[in-house]
1. For a protection proxy built on the mean count of beta-carbon atoms within 10 angstrom, sort 94-100, 36-42 highest first, please.
2. Please sort 84-92, 129-137, 106-114 by packing, taking for each peptide the average over its residues of neighbouring beta carbons within 10 angstrom, highest first.
3. State which entries of LYS41/LYS69; LYS44/LYS111; LYS41/LYS110 exceed 32 angstrom in Cα-Cα distance in the structure shown.
4. Grab the Cα-Cα distance for THR82 and ILE134, subtract it from 0.36 nm times how many residues apart they are, and report the gain in nm with one decimal.
5. When VAL122, VAL80 are ordered from fewest to most other Cβ atoms inside 10 Å of their Cβ, what list results?
6. Name the residue from LEU83, HIS93, LEU40 whose Cα lies farthest towards the positive end of the charge dipole of segment 34-162, charges +1 on Cβ of Lys and Arg and -1 on Cβ of Asp and Glu.
7. Please list 69-78, 141-150 highest first by mean number of surrounding beta-carbon atoms within 10 Å per residue.
8. What Kirkwood Rh does segment 102-164 have if only Cα atoms enter the pairwise 1/r average? Answer in Å.
Amino acid sequence: MTGFCSVTVQSRRDAEASLGCFILATNDMDTARLDAAELLKTYKSQQQVERGFRFLKSPDFLVSSLYLKKPERIEALLMVMTLCLMVYAAIQHRIRYELKKQSRTFPDMKKKPAQNPTGRWVFFCFDGIHILTINGMEKHVIGITERQSTIIFILGSTYQEIYS
């Protein structure tokens, strides 16, 4: 028994030295229990959701200037905000996925090539695109830069038609 214990302790020390140690506890006592790896993955994925709600609470989103009294209006605002967050997360996921799939990059804030830009940065980079209307009928999209073209191209034909 002593040999087994020392091997286990040594294995643990080796693991801690190479990978570190992460302690996570749960009170989830359902029958569909998660193994340790799934529990850690689920816990870490919550950070993405929290980051999204932090974006919604930022002054750039202008929610702080709203004052709502009725519960149904607060619920409606929360629904709209959650929907916005879903669209934001979906477009960010799609851009990152397509950049990796197509082995392309998009310049980050430091102008370094990256394959994981935030949705917020991409949206910010789309500032400056305008629609020029001639004689009230003919419309032209102007002001598209190379980095905007990269995103439009990787998102596919629907986006290319909108911005052409």
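Readers should treat all values here as calculations from the given coordinates under stated rules, not as data from a laboratory. This one's a predicted model, so the numbers in the text were calculated from it and none came from an experiment. FYI the Cβ positions are ideal-geometry reconstructions off the backbone, even for glycines, and counts take in every protein chain you see.
1. Result, highest mean first: 94-100, 36-42.
2. Working: 84-92: 14.7, 129-137: 8.8, 106-114: 12.0.
Highest to lowest by the protection proxy: 84-92, 106-114, 129-137.
3. The answer is LYS41/LYS69.
4. Value of the extension gain: 14.9 nm.
5. In increasing order of surrounding Cβ atoms, one gets VAL80, VAL122.
6. Of the candidates, LEU40 comes out farthest on the positive side.
7. Going from most to least packed, we get 141-150, 69-78.
8. Working: mean 1/r = 0.0777 Å⁻¹.
12.9 Å is the Kirkwood radius here.
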